[in-house]
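Note sheet for the following structure.
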Amino acid sequence: MALFIFLVISAALPFCFVAADEDFIINTSKCKLPNFPAFSEETNRTHVPQNYTACTNVELLTYTKVVNNTAYLHIKRDIELLYRSPDEELSCYYSYVTRNGSEEEPDIGVSISPALKFNTSMRLTGDIVKVECYNSYALVYENVHNPITISKTVDEKLKRFPRVNEDALPISVLLIVVDSVSRLNFARTMPKTRNFLLDNGFVEFPGYNKIDDNTFPNFNALLTGLNLKQSNSICVPTKVGKLDECPMIWYDFRRLGYVTAYGEDWAPVATYNYLKKGFKNPPADYYFKPYIEATETLNITEKEGLPYCAGPETEGERILHLARDFSLTFKNQPSFGIFWMNTFSHNNVSTPIVMDEKMSDFFKRIRDDGILNSSIVMFLSDHGMRFGDIRRTIQGWYEERLPILHVSLPERFKTRFPGKYDNLKKNSKKFTSTYDVYMTLQDVLSMSVKGYNVTPSMACPTCSSLFSDITEERSCEEAGVPEKWCTCVGRFNKDETIINGRRANAAAGLALSEITRNAQEYEFVYVSRILSASISSGSDSHGYYLVVFETSTWSVYQALFKIRREPFGFLKLIQILWIGYSYEQ
Ligand SMILES: *[C@@H]1O[C@H](CO)[C@@H](O)[C@H](O)[C@H]1NC(C)=O
Ligand SMILES: *[C@@H]1O[C@H](CO)[C@@H](O)[C@H](O)[C@H]1NC(C)=O
Ligand SMILES: *[C@@H]1O[C@H](CO)[C@@H](O)[C@H](O)[C@H]1NC(C)=O
Ligand SMILES: *[C@@H]1O[C@H](CO)[C@@H](O)[C@H](O)[C@H]1NC(C)=O
Ligand SMILES: *[C@@H]1O[C@H](CO)[C@@H](O)[C@H](O)[C@H]1NC(C)=O
Ligand SMILES: *[C@@H]1O[C@H](CO)[C@@H](O)[C@H](O)[C@H]1NC(C)=O
Ligand SMILES: *[C@@H]1O[C@H](CO)[C@@H](O)[C@H](O)[C@H]1NC(C)=O
Ligand SMILES: *[C@@H]1O[C@H](CO)[C@@H](O)[C@H](O)[C@H]1NC(C)=O
Ligand SMILES: *[C@@H]1O[C@H](CO)[C@@H](O)[C@H](O)[C@H]1NC(C)=O
């Protein structure tokens, strides 16, 4: 939808200014980012506490174990009575799963080899194994495992790793991502995890702003420094094979000697597959999509419309297990891993709470494993919740734009590069964006690999590594954040003019006509209620008008207008910058 139309409102209406609540996260001349509470009466209305639900109450029957780089599959025969009655036999079969797409959809589809019977343990010759067990009557257990072993090519590559100098240890990078979670929603729904991170030296970035709407442009910006338009023209994700040539930083890591991994749950809508062609060749040394696809052929238990359970395990825990397994396997080697979870966070602001305990356990484990001592670990999201009841609130407008970002550095990094650590801490109080994370990843490469040259982000040449001294006075534009996603606008204050009803209605009407343009099914839809209308603080001449309204079909929209302040307290709506929907777009 083309929203860049200019509007002329015939009757400019006067407005008056309301004293702002002066609590800011960032308060500079170029950026006023207001602070909001994680918990309030308003946020409590959409926050529904709930508990973790397991996918099965019975102990898992099978597991895999890697010994001397050889993977074995085991049946726990000692608990098999949980799956059969005493007078029965339990027969188990295994098959290997392999990536096997078609010419047109090379990244979708797996083949499952014919099932063969085995008894208790067996040595695996394939990476992904599916197990099925039957008692006398039925299939009673099914699972898929993906143990991690070191392939010959990876082993060779690691032996040749070109260190910056003899005593420099390579710096590994581990990205743990939970989709669609704002910093404040993280505080609300995952307090245990957040407290663990804060108690263990993770640095939180409350001024971290997304650069575009949904996952693809934000994720790809993080990996390439490109904006959506550049990503679409350079990486052409809708054309088979083009993403393989996209300048993603994971290819640099891979080429320069790191072992790389990428895992993401909910295979059909994975970032590079939803409405896109995915990869012809696996984009990482360890690419877990075929495994996730295979798990999603098991019995699915949905939560909020997402495949929360795939067989006897949750998809979220499967991703966390892969992340730990990968990090442990390559603990003393240079590694770069991205592990992305969608299935307990994408569709509902409240559900991340179910995984709080598991997530904090994961971080405890990798701390105890020494992973925090060997890797830079980032815990982040791509954006906040983009639909649902959060659209009713102005805080929701900010939260959508301000995803989680926490960064942990190994102790040896801090002692070796104290200035960089110092900068990181200082930068956490500044305004930052997805492009800065891209620059940070390049910075890691330049610290670890001989001869790596950092190149500026194409979309944001002024963006820089979180280890560098980022300027304090920084505007959205300087951080590569387009106006419609910019949270540096101060606080929105209620439009208090006596005739504000008229202005709010005019604005809502304009937004609705933009929404309904070319959509006949909207023919009889009208604005039924203005939920709020407010004016940003900010500069003297320009500002923003945010109107939140409900329609006769019970949809809620947020519309952001650019406004010009005119003499005698009048203001003019000059442009619709953005419209947000209560349902997913
Ligand atoms: C924000 O900055 C302005 C201008 O420097 C200053 O007048 C104001 O007191 C600051 N507000 C807070 C809450 O620090
Ligand atoms: C919101 O909920 C939290 C925890 O669920 C509670 O501690 C707090 O008192 C509530 N706040 C308000 C303003 O209702
Ligand atoms: C979650 O579990 C606790 C402890 O078992 C229980 O007290 C609480 O009622 C449960 N909450 C919900 C929302 O089910
Ligand atoms: C581990 O595997 C290698 C190669 O397969 C073999 O040479 C070595 O003897 C094995 N070590 C042990 C302890 O089994
Ligand atoms: C891959 O899929 C094709 C077409 O479905 C099939 O003919 C082929 O046997 C499969 N390959 C493997 C290794 O299973
Ligand atoms: C299968 O394994 C169990 C336990 O290890 C053993 O008692 C049994 O004899 C084995 N059965 C066959 C057919 O090998
Ligand atoms: C999965 O669901 C099917 C159909 O409901 C059922 O027949 C099968 O036993 C289930 N599998 C397992 C392992 O529970
Ligand atoms: C990690 O490093 C810290 C500081 O050097 C040390 O105290 C701790 O024991 C290490 N943890 C592990 C699990 O190696
Ligand atoms: C989110 O889940 C909660 C608890 O199940 C439910 O009450 C709420 O309506 C859901 N919200 C949305 C937007 O689906």
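The accessible surface of the chain, taken with every protein chain in place and a 1.4 Å probe, is 51 percent carbon and sulfur. Toward the positive end of the charge dipole of the chain, with +1 on the Cβ of Lys and Arg and -1 on the Cβ of Asp and Glu, the farthest Cα among THR487, THR301, ALA71 is that of THR487. Put a plus charge on the Cβ of each Lys and Arg, a minus charge on the Cβ of each Asp and Glu, and nothing anywhere else: the dipole of the chain about its Cα centre is then about 1300 debye. Sorted from longest to shortest, the spans of the Cα atoms of region 62-145 along the three principal axes equal 50, 35, 17 Å.
Taken per residue, the accessible surface of the chain reaches 42 Å², heavy atoms only and a 1.4 Å probe.
Computed from the C-beta positions of ASN281 and ASN453, the FRET efficiency with R₀ = 25 Å rounds to 0.45.
To the nearest 10, the accessible area of CYS92 is 0 Å² with a 1.4 Å probe. In the chain, the ratio of gyration radius to Kirkwood radius, Rg to Rh, stands at 1.00 when only Cα atoms are counted. Working from the Cα coordinates of region 173-485, the gyration tensor eigenvalues give, after taking √(5λ), semi-axes of 26, 22, 22 Å in decreasing order.
The label-point distance for LYS239 and LEU82, in a model that sets each label 7 Å from Cα toward Cβ, rounds to 5.2 nm.
Taking all protein chains together and a 1.4 Å probe, the residues PHE417, PHE216 rank PHE417, PHE216 from largest to smallest accessible area.
To the nearest ten degrees, helix 418-427 and the longest principal axis of the Cα atoms of the chain are 50 degrees apart. Amide H to amide H, with H built 1.01 Å from N, SER180 comes under 5 Å of ASP382, HIS383, counting only residues 5 or more places away or on other chains. Relative to the longest principal axis of the Cα atoms of the chain, the long axis of helix 215-224 makes an angle of roughly 80 degrees.
For LYS572, a cut-off of 17 angstrom between C-alpha atoms picks up these lysines, skipping any fewer than 8 places away in its own chain: LYS494, LYS562.
The equivalent ellipsoid that matches the C-alpha gyration tensor of region 149-236 spans semi-axes of 30, 24, 13 angstrom, in descending order. Net charge dipole, region 173-485: roughly 480 debye, given to the nearest 20, about the Cα centre with Cβ charges of +1 for Lys and Arg and -1 for Asp and Glu. With a Förster radius of 41 Å applied to the beta-carbon distance between LYS425 and ALA115, the computed FRET efficiency rounds to 0.15. Taking the charge dipole of the chain about its Cα centre, with +1 at Lys and Arg Cβ atoms and -1 at Asp and Glu Cβ atoms, the residue from ILE579, ASN27, ASN195 reaching farthest to the positive side is ASN27. Ellipticity at 222 nm from helices only: DSSP H runs of n ≥ 4 in the chain, each -39500 (n - 2.57), divided by the residue count, give -7000 deg cm²/dmol. In summary, the lysines within cross-link reach of LYS210, defined as a Cα separation below 17 angstrom excluding same-chain residues under 8 places away, comprise LYS32, LYS229, LYS429, LYS430, LYS484.
Tilt of helix 500-516 relative to the longest C-alpha principal axis of the chain, in degrees (0 to 90, nearest 10)? For 500-516 against the chain, the angle is about 50 degrees. Ligands, DNA and RNA aside, MET458 has an accessible area near 110 Å² when probed at 1.4 Å. Here the 3J(HN,Hα) profile of region 372-381, calculated from phi with Karplus coefficients 6.51, -1.76 and 1.60 at θ = phi - 60°, is 5, 8, 10, 10, 7, 10, 10, 10, 8, 9 Hz, Gly and Pro shown as x. If both residues of a DSSP beta bridge must be in the chain, then about 75% of such bridges are antiparallel. In plain terms, the chain from HIS542 to THR415 could stretch by 41.1 nm, reckoned as 0.36 nm per residue minus the Cα-Cα distance.
The aspartates and glutamates whose alpha-carbon is closer than 12 Å to the alpha-carbon of LYS450, local same-chain residues fewer than 8 away aside, are GLU166. What is the sum of charges, Lys and Arg at +1 and Asp and Glu at -1, for the other residues whose Cβ falls under 13 Å from the Cβ of ASP469? Within the 13 Å Cβ shell, the charges total +1. You can think of it this way: the chain between PHE524 and PHE568 has 12.1 nm of extra reach, that is 0.36 nm per residue less the Cα-Cα gap. Count charges around ILE404 for me, please; just the other residues with Cβ under 14 Å from its Cβ, Lys/Arg as +1, Asp/Glu as -1. The answer is -1.
Placing unit charges on the Cβ atoms only, positive for Lys and Arg and negative for Asp and Glu, gives region 355-495 a dipole magnitude near 220 debye about its Cα centre.
The values are calculated or read from the model by the stated rules, or taken from the named source; none is laboratory data. Model, not experiment: these values are computed from the prediction. Here the Cβ is made from the backbone with ideal geometry for all residues, glycine too, and neighbour counts use every protein chain on show. These area figures cover heavy atoms from the full protein model, side chains too; ligands, DNA and RNA do not enter into them. Shrake-Rupley method; radii C 1.70, N 1.55, O 1.52, S 1.80 Å.
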